[in-house]
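In what follows, a single structure is set out as structure tokens and then discussed.
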Amino acid sequence: MQESNSTEIRSIDSPKLTETGLLYSIVAFLLLSAGSYFQHRNFTSGILITEFVIILLPPLILLKLKKYNIPEVLRLNRVSLLNLFIIFSMMLFSLWIVLILNLFNLWLIKTIFGRVFVSPLPITETPLLVNILLIGGSAGICEEVMFRGVIQRSFERVSVFWSIVITGFLFGLFHMDFQKLLGTFLLGVLIGFIVYRTNSLFAGMFAHFTNNSLAVIISTLAGKLPQAANVQAGEESINDFFAMLEAMPSAQLIGVIISYVMSALFCAAALAGLIWAFVLNTSKTREANPRSRIGKITPVVLAYLPGLAAIAVMYFLAALGLSGVRPDIFSRLFGG
């Protein structure tokens, strides 16, 4: 497996949009049913079943049944060490930007519904290395195969730009948390850009692994701080955080907002510089699909519609929960 540095644009026989639409819908239903069930029973085994059986296996079955060239479609090409270093740095600086976006997203939800509900992962129950492998490694491998490996490939039939944006949006929706949709969407777009520029899914896996692992490490370290001992994670701490901001004098609140904005701008500037260096270092990577017509749009919409509708229902139920209405049949899904 070698990193592609060819200037020749080759045509790739990638999955059709109707195929990936059906894939997205099937996996969404499996995630909402079997995935939720297994994760509720046991977090560790549930994550492994969700990632490797529910998310990874269906796209591999699709590629095998339709006889696609799996290494070519998935971009199983080598990544240079320099690119890996740049990608790691990009994910490091993007982490704070994603956090700021998620805080803004949570603030919007709190403004609308009066409170937010965030269920923390039970990462303190297992060793740090195990959590890194579970949350960083499994998601980095399995979700990248499905989204950047298969779904983004199919949308490249139409447009490279929109393939990255649409796949990032589908990726954000797939996490079933509209309270963090903005940050997850940005992360998905950034990883999609990385995969396309390097012509390597391994680059996306590494970026995804880096982001999730850094989040696990930070959460673990934060949980060990003395001042965190009396603060409950999740819903109560987030709502207390916003209540604390609302109780601040105007001048102090403005100062806090400015500090957050300035730190985000600093990280954005650093990220922009890293992206510029990354683009220069991947400028010879030219492998791509030529544009082609979608054909009839109705089958594509119908293929994606069941999965999107199922996710929309879950978001609606989550909104009901935030409004104080929790149907008993769904209470487990929202921590009730």
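The values are calculated or read from the model by the stated rules, or taken from the named source; none is laboratory data. This structure is a prediction, so every number in the text was calculated from the model and none was measured. Neighbour counts are summed over all protein chains in view; Cβ atoms, including those assigned to glycine, are modelled from backbone coordinates with ideal geometry.
Computed quantities for the displayed model
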item: Filter pass, Val27 being within 20 Å of Leu305 (Cα to Cα) and assigned to a helix (DSSP H, G or I); result: yes
item: The stretch 75-108 - residue that is surrounded by 16 or more Cβ atoms within 10 Å (Cβ to Cβ) and among the small types (Gly, Ala, Ser) and, of those, nearest to the chain's Cα centre (by Cα); result: Ser94
item: For Val116: the one exception among (1) at pLDDT below 95; (2) in a helix (DSSP H, G or I); result: (2)
item: Residue tally, condition buried (at least 22 other Cβ atoms within 10 Å of the Cβ) and outside any helix (DSSP H, G or I), over the stretch 49-74; result: 1
item: Residue match in the stretch 64-86 (condition: free of Cβ contacts under 8 Å to residues at least 40 places away in the same chain and more than 30 Å from Arg197 (Cα to Cα)); result: no
